[in-house]
Amino acid sequence: MARNEKEEEIRIGLRDALTLILPYFQKKTWEQTKSVVWIVLYLVLFQLFVLRIPIREAAVISFGIIAVIMGLTFFLEGLFLGLMPLGEIIGLKLPQKLGVLGIMLFSFLLGIGATLAEPAISVLKACGSSVFPWDAPLLYFLLGEGSDFLFLSIATGVGIAVLLGVFRFLRGFTLSKILFPTMILLLLVTIYASFDENLKYISGLAWDSGAVTTGPVTVPLVVALGLGVSKVAKDNETSSGYGVVTLASLYPILAVFVVGIYFNPKLPKPMSEKEFSSYKISRNESKLLFGTEFQNHPIYKKYFLSNKNNSMEIQDKDLGLQTNSGSKIIETTNKIQDGFLLAVRAILPLSLFLFLFLILILRDKIPSFSEVLLGILFAIVGLTIFNFGIFLGLNKLGNQVGYKLPSSFRSIELNDSTRYIYNFNPKTVLKAVNEDGKEEEFFYLKERKTYTAIPFQKENYQKEKNLYEYTPIHGPLFGKEDNLLGYFVVLVFAFFLGFSATLAEPALSALGTTVEGTTVGTFKKSRLIQTVALGVGVGTLLGMTKVILEIPMVWIIVPSYATLLLLTSISKPEFIDIAWDSAGVTTGPITVPLVIAMGLGIGTQLGIVDGFGILASASIFPILTVLTMGLWIERSRSLSLKENEPELRQI
């Protein structure tokens, strides 16, 4: 019998295997391409045709975006083959074999593991390069040497959120009973932080961290666990399984504030760069800000070593002010290695945890073991490629667009287009009279067949090298500095960025399908998607306003969430869960790095310390729009019942 079975085995050659696999792979790649290409095209076309500034390193950015698409394709396929089957089985069997304490402990550990595996979590570490230690020491620490504490606090926050979410299902009470005290506590902490010099600068980071956590790893695993527990829980008012994602986006905010409050007394207060250079920094402060090898850190050497004058040129190179092709190759190689290590650290511990829990605790077999292993391999490879693509593509593009966006309302220096004119002859300098009657110097530069007038500034001319350094100045769009039309262009750009990016999010489409099913068609999928997209658009616009006008985060958060709590108190539980969960699915692995990089780019150009907060604002307003839509649907339903009441009585 065994021999016959062997003889009946079908052997497929490499060509036939590729014929079967390639169409499937193309379909999956196209799905990810659709979620990436529209937002990327939008940013590129805006910079080219509205701001009229060419894209720098276009070939490198294009390669990075292709890497992001390929990385996401492999990563999500790996999740589908590897981690998702494990999560679904555990979610169903967990309540049958463990008590409340066991379920809650597993939920806590799953939340931590899933968060550390999120692709977008690594984006936060890349943000540290845009913050200086004298402007915001605590923010600089959390994004630099303290990034491990930041990541762990975010993961712990998600772990607590999943624990509470599952406990809610087991005890059968509504989301509001956890939501209201949590939000009141968060608002109080945010108000407290606004009065502290250091803590106020981490408010944007804390609230943005809530948006980072709800990505393609956390959401499916957490929802699978929530659905599994809610199906077997007794006396459960919330059988739909919604609400866990909401909590997973709130408790990381609180956790980041807690870590910030802990480290705040150990760090100096914000000061000017001049004050920082004369500040007597302690050994403990040095270790926190610059690491254990603080004496080798470029900023420490520049400001705190005795031989400052001898090391200035080295400092500029170390700080990245001078680059060459060799350093770029080394940097790229290091980024690939870092991406691989991040992927391994993210995926392997989570996979091992799920394996051991399924085998040792639940006493069950791993389904399709070879497929699961292949999925884990795909996830590691995909996350490595994705991390590299973020560094090479999305971060560069988002930062570049954000850095140049202020040119719509004021003139800016295009530092990435700085040119060096050798063998410069000062005799070619001419004079002109400006509108105020003052003389200004300039010269003509011939490029191919055109002559360009370039302003001459004496401080940029190096006489000993016969070299002139020229940084182009661009903007404003409408001729006058701080023109309201220029600000209007930026805000319109922000709205359509949030709106279009949301429409492309695959997680929102999946949520819409589920919502339409659970509400028996009352809340249509298309209506939910458009409502959420409108909310994200308005939120992105408000977040952009916050960054440009340097509005404190507390003035955005407190009124917005106070309004949300009011709407929540008068809404039905089914719409509350849907509304609060919809905010979590709008910030995917593409939106997060682009929006964060863009916000920091704007902040760098305008000299703003804290460029965070756009993501947080974009997460607030979809809740508001969905709750409002829910109230409108409920009102329409009530009016319809009143109109049909006489007919129903006759029946």
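The values are calculated or read from the model by the stated rules, or taken from the named source; none is laboratory data. Predicted, not measured: the structure shown is a model, and the values here were computed from it. Reconstructed Cβ throughout: ideal geometry from the backbone, glycine too, with neighbour counts over all protein chains shown. Accessible surface areas use protein heavy atoms only, side chains included; no ligands, DNA or RNA. Shrake-Rupley method; radii C 1.70, N 1.55, O 1.52, S 1.80 Å.
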Apart from one, (1) hydrophobic (A, V, I, L, M, F, W, C); (2) open to solvent by 40 Å² or more (accessible area, probe 1.4 Å); (3) under 17 Å from the mean Cα position of the chain (by Cα) all hold for Met598; the odd one out is (2)
Condition first: under 19 Å from the mean Cα position of the chain (by Cα) and outside any helix (DSSP H, G or I). Can you find one or more residues in the stretch 563-576 that meet it?
no
Filtering the stretch 426-441 down to residues that are surrounded by 10 or more Cβ atoms within 10 Å (Cβ to Cβ) and under 13 Å from Tyr461 (Cβ atoms) yields Pro426, Thr428, Val429, Glu441
Is it true that some residue in the stretch 586-593 is surrounded by fewer than 24 Cβ atoms within 10 Å (Cβ to Cβ) and in contact with a Pro (Cβ under 6 Å, 6 or more places away or on another chain)?
no
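For the stretch 470-482, which residues satisfy the criterion of being in contact with a Phe, Trp or Tyr (Cβ under 6 Å, 6 or more places away or on another chain) and surrounded by 14 or more Cβ atoms within 10 Å (Cβ to Cβ)?
Pro476
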Here the qualifying pairs (Cβ atoms under 9 Å; residues six or more apart or on different chains; first in the stretch 345-359 and touching a residue at least 40 places away in the same chain (Cβ under 8 Å) and over 12 Å from Leu110 (Cα atoms); second charged (D, E, K, R) and open to solvent by 50 Å² or more (accessible area, probe 1.4 Å)) come out as Leu358/Lys93; Leu358/Lys365
Those residues of the stretch 244-263 which are closer than 20 Å to Gly226 by Cβ and of a type in the set (Ser, Thr, Tyr) amount to Thr246, Ser249, Tyr251
Original post:
Within the stretch 112-127, can one find any residue that is touching a residue at least 12 places away in the same chain (Cβ under 8 Å) and more than 17 Å from the chain's Cα centre (by Cα)?
Top reply: yes
Those helices (runs of 4 or more DSSP H) completely within the stretch 272-337 that have 1 or more residues that are under 19 Å from Ser130 (Cβ atoms), modelled with pLDDT under 50 and open to solvent by less than 40 Å² (accessible area, probe 1.4 Å) are 308-318
Taking the conditions exactly as written (within 29 Å of Lys177 (Cβ to Cβ), surrounded by 17 or more Cβ atoms within 10 Å (Cβ to Cβ), modelled with pLDDT under 90 and in contact with a Phe, Trp or Tyr (Cβ under 8 Å, 6 or more places away or on another chain)), does Thr531 satisfy them or not? no
**Prompt:** Is it the case that Pro216 is assigned to a helix (DSSP H, G or I) and either at pLDDT below 80 or touching a Cys at 6+ places or on another chain (Cβ under 7 Å) (or both)?
**Reply:** no
Cβ pairs under 7 Å, 6+ apart or interchain, first in the stretch 475-496 and farther than 21 Å from Leu41 by Cα, second open to solvent by 30 Å² or more (accessible area, probe 1.4 Å) and charged (D, E, K, R), ordered by first then second residue, are Gly475/Arg410; Pro476/Arg410; Glu481/Arg410; Asp482/Arg410
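Looking only at the stretch 155-201, count every residue that is in a helix (DSSP H, G or I) and open to solvent by 30 Å² or more (accessible area, probe 1.4 Å) and tell me the total.
Just the residues of the stretch 155-201 that are in a helix (DSSP H, G or I), to begin with: 155-171, 176-193, 199-201.
Checking the rest, the ones that are also open to solvent by 30 Å² or more (accessible area, probe 1.4 Å) come to 156, 160, 163-164, 167, 170-171, 177, 180-181, 184-185, 188, 191-192, 200-201.
Summing the residues that are in a helix (DSSP H, G or I) and open to solvent by 30 Å² or more (accessible area, probe 1.4 Å) in the stretch 155-201 gives 17.
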